[in-house]
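Written below as structure tokens is the structure these notes are about.
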Amino acid sequence: MLHRLVIQLARLGDLLQTLPAIASLRGRYPDEELDLLCAKPLVSIGSFFPGVRHIFPWDGNEWGRIAKSWSPKGGNALSQATDCLNKYQLNAYSLVYNLNDHPRAVIAAHLFANDVIGPGCQGPLSEIVPDWVKYLKIVGAHRGRNRVHLADAFCGVCGVKPPLVVPTFQLREIDWPTSLNSFRDGNGVCVALVLGSGDADRRVPLRMWEEWICTFLTACPDGRVMLVGGGGERELTYTLLDRIPSRYVGQIWDACGQTSLMQLANILSHCSWVLGSDTGPLHLGVACGAKVQGFYFSRARVHETGPYGHGHWVWQAEQTVKHEVLGVWGESEEFRHDATCKGQNVEEGIKPEYWPVSESVELLLTESCSVIPDGWSLWSSQQDDWGAYFIPYTDPNGESTGYREQIWENLQSENINWDSVLELMSLSGSSHVLERSL
């Protein structure tokens, strides 16, 4: 029996995007043990991952202190690192799947196994990256017409196909803060609004949430709203609640900064819908079984990190890409005017002036939308043998699903034709693009 370890040291959203890869690994190797190494604050969420035996913490702050204490003239950095590893009580693994292209993850992978899949597979000092990681680097630098979801790319890095069944958490009931218990009473539609974001430029403005809450509670008098976020959103919550008419306040609960991640997951599992930007708690709602509406703007893009699975919706902010920005990606006239390439201002991102408030409420209550406002497109999430994909609401047959299959076939071949891959992405000047990406 092989003992395998998955390493995902990034933030909450990336950890949740690892869930499909873990599900596929469990399906491929049902009799073998699989453990998870993740950032220390996220260990509690890792405990909800089905099929994972043990979850171990990686304390980034502690390792940062050890690294800073190292000196070529001596010191005890090595002994500190050894003590830190012994504290984890990690065994030697037969195989490690590393999903982070970062020195700390590469080092961690080789600390626990000689055989590594993912970044570091050629050794801890090698700059050679696996093909799927190379593809992700191109997407990160140029984006293009990419239609492969990040979660499915993680599957590719691990050498498995996306799962046929969308994985969700195995939750258990736990106690909530006393002030939130009444949220479970009643029969109205329960909605969670994610106020914060790890990146400030992905934070939905308060004026939008103020209008959304009033519009929703007017249209749905028995509706209930839960405000979720971290401690950093406490002041935002106070400001927002001050703006809401008093007649609605009894239908709003404030959970910002008052719950653990485990409690938050349990709360989201009791919600019919979770709304927010492309941020960790939004994807947590997906994993907990809620339906999701995402507002994707700044540099967030539906095809890369949209909510995984069936029945979710994404409002994608759109704008025509400026001519001077296109020089970053390529000179193809076809690419310049391809409508699927809207909304990719890689320098500044998209900052919407109008927000689809009434349209979002209509979608939530009726699963339909009468009008798609200018500056936005609406996408619904789907799943097939090649993973997650999204189709436009206004033209359900307008999005080809062949792109992902061709990318998978290319990246699974022994001799990858990168010209073909870049052509699929509508990126010209293949060697130039590859050089700048890697």
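The values are calculated or read from the model by the stated rules, or taken from the named source; none is laboratory data. The model shown is predicted, which means the values in this text are computed figures rather than measured ones. All Cβ positions, even for glycine, are placed from backbone atoms using ideal geometry, and neighbour counts span all protein chains on display.
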Checking residue 110 against (1) on the phi < 0 side of the Ramachandran plot; (2) part of a loop (DSSP other than H, G, I, E, B); (3) surrounded by fewer than 19 Cβ atoms within 10 Å (Cβ to Cβ); (4) at pLDDT 85 or above, the condition it does not meet: (2)
Residue 169 being buried (at least 18 other Cβ atoms within 10 Å of the Cβ) and modelled with pLDDT under 95: yes
Test: residue in segment 80-89 that is modelled with pLDDT of 90 or more, of a type in the set (Gly, Ala, Ser) and surrounded by 15 or more Cβ atoms within 10 Å (Cβ to Cβ): no
Any hit, segment 250-265, residues being in the same structural domain as residue 365 (by TED's automatic domain parsing), under 22 Å from residue 10 (Cβ atoms), in contact with a Pro (Cβ under 6 Å, 6 or more places away or on another chain) and of a type outside the set (Phe, Trp, Tyr): no
Residue in segment 174-194 that is of a type in the set (S, T, N, Q), part of a helix (DSSP H, G or I) and buried (at least 20 other Cβ atoms within 10 Å of the Cβ) present: no
Residues of segment 226-255 that turn out to be within 24 Å of residue 199 (Cβ to Cβ) and crowded, with 19+ Cβ neighbours inside 10 Å, as a count: 9
Pick from segment 34-54, criterion touching an Asp or Glu at 6+ places or on another chain (Cβ under 7 Å) and outside any helix (DSSP H, G or I), ranking: surrounded by the fewest Cβ atoms within 10 Å (Cβ to Cβ): 53
When residues of segment 125-148 are limited to those that are more than 21 Å from residue 414 (Cα to Cα) and touching a Ser or Thr at 6+ places or on another chain (Cβ under 7 Å), the one surrounded by the most Cβ atoms within 10 Å (Cβ to Cβ): 144
Any hit, segment 157-165, residues being part of a loop (DSSP other than H, G, I, E, B), closer than 23 Å to residue 290 by Cα, under 18 Å from the mean Cα position of the chain (by Cα) and not aliphatic (A, V, I, L, M): yes
Unmet requirement for residue 222, which otherwise passes all of (1) assigned by TED's automatic domain parsing to the domain that holds residue 285; (2) surrounded by 17 or more Cβ atoms within 10 Å (Cβ to Cβ): (2)
Segment 377-400, residues that are among the hydroxyl-bearing types (Ser, Thr, Tyr) and either in a helix (DSSP H, G or I) or free of Cβ contacts under 8 Å to residues at least 24 places away in the same chain (or both): 394, 400
Unmet criterion (only one of (1) touching a residue at least 60 places away in the same chain (Cβ under 8 Å); (2) under 20 Å from residue 102 (Cα atoms)) for residue 27: (2)
Hits in segment 407-438 (condition: surrounded by fewer than 16 Cβ atoms within 10 Å (Cβ to Cβ), under 19 Å from residue 150 (Cα atoms) and modelled with pLDDT of 80 or more): 409, 412
Residue match in segment 217-236 (condition: modelled with pLDDT of 95 or more, more than 19 Å from residue 285 (Cα to Cα) and in contact with a Ser or Thr (Cβ under 8 Å, 6 or more places away or on another chain)): no
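Every residue, every condition in (1) within 30 Å of residue 131 (Cα to Cα); (2) free of Cβ contacts under 8 Å to residues at least 40 places away in the same chain; (3) touching a strand residue (DSSP E or B) at 6+ places or on another chain (Cβ under 9 Å); (4) assigned by TED's automatic domain parsing to the domain that holds residue 260, yes or no:
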site: 163; (1), (2), (3), (4): yes, no, yes, no
site: 173; (1), (2), (3), (4): no, no, no, no
site: 190; (1), (2), (3), (4): no, no, yes, yes
site: 196; (1), (2), (3), (4): no, no, yes, yes
site: 200; (1), (2), (3), (4): no, yes, no, yes
